[in-house]
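The values are calculated or read from the model by the stated rules, or taken from the named source; none is laboratory data. Please read these numbers as outputs of a predicted model, since none were measured by experiment. Ideal geometry is used to build each Cβ from the backbone, glycine not excepted, and the neighbour counts take in all protein chains shown.
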Amino acid sequence: MALLPLYAFSRPERQETVPRPCAEQLSWLRRVLRAAGLVGRIATTADLDRIAQSVAEHLQRTLQCDATSCFIYDAQTNEVRFPPKLVGVYEPELVYQRGSIARDSIVYRVIHELPQPYYLTHNAQKDPLLGSDFVRREGFQTTVCFRLEVKQRVVGALFINYRHPHRVLADELSVMRLFAVHAATALDNALQHEQDNVEQERILARVTQRWLGLINGSWKHEISKHAVTITYEVAALRRLLSSARLNQVILEKLEKVERLARTIADEPLTLPLSYEEGVESILLNDILTERLRQLWERPAYHAVALRQDFRLPADATIRANADWFKVVLDSLVENAITAMAEVATPRLTVTTTQTGQWAKVVFADTGAGIPADVRAKLLREPIPKVQGETGSGIGLLLAQMIVRTYDGRLDLEETGPLGTKIALLLPLETATWTVA
């Protein structure tokens with residue numbers, strides 16, 4: 001059997017039933033009874049991360065194994081989410097720093113092809129599971145893997161790890177199966193609930209977008225008029241102030257006001273009346289290239305290094321309204337620029353790839369990362385701020401609303417002291433390419 005070369009695998013034909021010593025039987029039965037009560041409560045929440053963490057923590061406690069992980073799988077994008085917590089792992093931060101799970105890893109192989117359950121014995125110095133030297137660093141000797149699926153719908157993968165050679169007993173295997181079945185059911189229910197919420201958000205977003213289009217017509221002329229007025233007033237103020245009173249600080253502030261007013265006047269708000277209006281096939285790489293060029297013509301963006309890494313085929317298209325889509329791009333770029341305001345060498349990297357039937361655009365900044373309390377609310381609700389603070393998340397909320405109307409989504413893919421990655425996913429109009 002051709003398997004990953006950096007592992008030593010074993011899959012016994014059957015598990016030997018080795019009787020437990022009498023002294024252990026009572027303790028084991030108590031743990032199993034407690035586990036039976038716990039697994040029944042796993043499905044009481046629709047929060048995917050809470051389910052995954054609860055499964056891993058309770059399973060480790062019941063089996064008294066060394067480490068457990070419950071991964072969540074998104075079949076639409078063929079992507080695996082990192083668990084919210086790698087229970088029992090010594091250095092989880094080294095795993096999370098990798099940002100994503102490799103497609104040739106054992107996690108994907110468990111999800112797509114390996115027989116169930118799968119038993120691994122580790123006799124290697126390096127491995128592709130979650131990162132180089134992961135098994136050696138953690139000291140794992142035995143791992144049991146389960147694919148989590150309901151009616152042939154795969155929703156995740158479960159890993160049970162021991163730091164010593166461990167023979168899995170029949171009663172242990174029964175408990176593992178019990179957790180795997182309940183975890184799969186709970187994750188499937190939560191994913192269905194999440195999809196229902198996405199559909200409700202899409203309907204609300206389309207109604208809101210139509211409303212924005214309607215009110216836009218009534219205020220765009222006023223905004224342009226006020227911008228012109230501001231420009232005239234700044235020029236008048238320059239004339240009234242003597243050159244002696246025009247110090248550098250005043251000059252910079254006047255120039256900033258004038259520049260912003262000119263930007264508003266040059267780019268008046270002309271959004272369509274609804275999300276259906278003006279929907280067309282858009283070459284994704286082209287619109288990104290053009291909009292980023294326009295944004296980086298603005299002096300405020302000159303200090304930020306821009307890197308474009310477009311791996312999506314040049315003829316890949318999405319269906320959307322170009323004006324609304326530019327609002328999304330502007331919000332994502334502005335969010336990244338704001339996050340790097342205090343960074344000495346700010347850099348924004350924009351990457352496009354194909355993920356199954358989806359186009360994926362990742363905006364990666366080099367800011368300080370998003371705090372945990374903000375992370376929980378981002379893309380879902382406004383962020384409370386004290387007066388004078390920036391970053392209320394309204395721009396990203398608007399971007400999420402627009403993307404939802406075109407059957408896409410925004411995801412916070414990664415954040416930490418080295419920066420943040422936000423992913424924009426939209427269905428490809430024709431997803432027939434193969435990407436290496």
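Residues of the range 157-180 that are among the small types (Gly, Ala, Ser) and either at pLDDT below 90 or in a helix (DSSP H, G or I) (or both): ALA170, SER174, ALA180. Output the number of residues of the range 157-175 satisfying the condition of being of a type in the set (Lys, Arg) and touching a Leu at 6+ places or on another chain (Cβ under 8 Å). So the answer is 0. Here ALA344 fulfils each of the conditions (1) touching a residue at least 24 places away in the same chain (Cβ under 8 Å); (2) exposed (fewer than 15 other Cβ atoms within 10 Å of the Cβ) apart from (1).
What are the residues in the range 127-172 that are in contact (Cβ under 8 Å) with a residue 12 or more places away in the chain, within 16 Å of VAL110 (Cβ to Cβ) and surrounded by fewer than 16 Cβ atoms within 10 Å (Cβ to Cβ), if any? Passing the criteria: only ARG153. The residues of the range 351-396 that are in a loop (DSSP other than H, G, I, E, B), at pLDDT 70 or above and charged (D, E, K, R) amount to a single one, ASP365.
Considered as a group, the residues in the range 397-436 that are of a type in the set (S, T, N, Q) and modelled with pLDDT of 80 or more include one that is nearest to GLU93 (Cα to Cα), and that residue is THR415.
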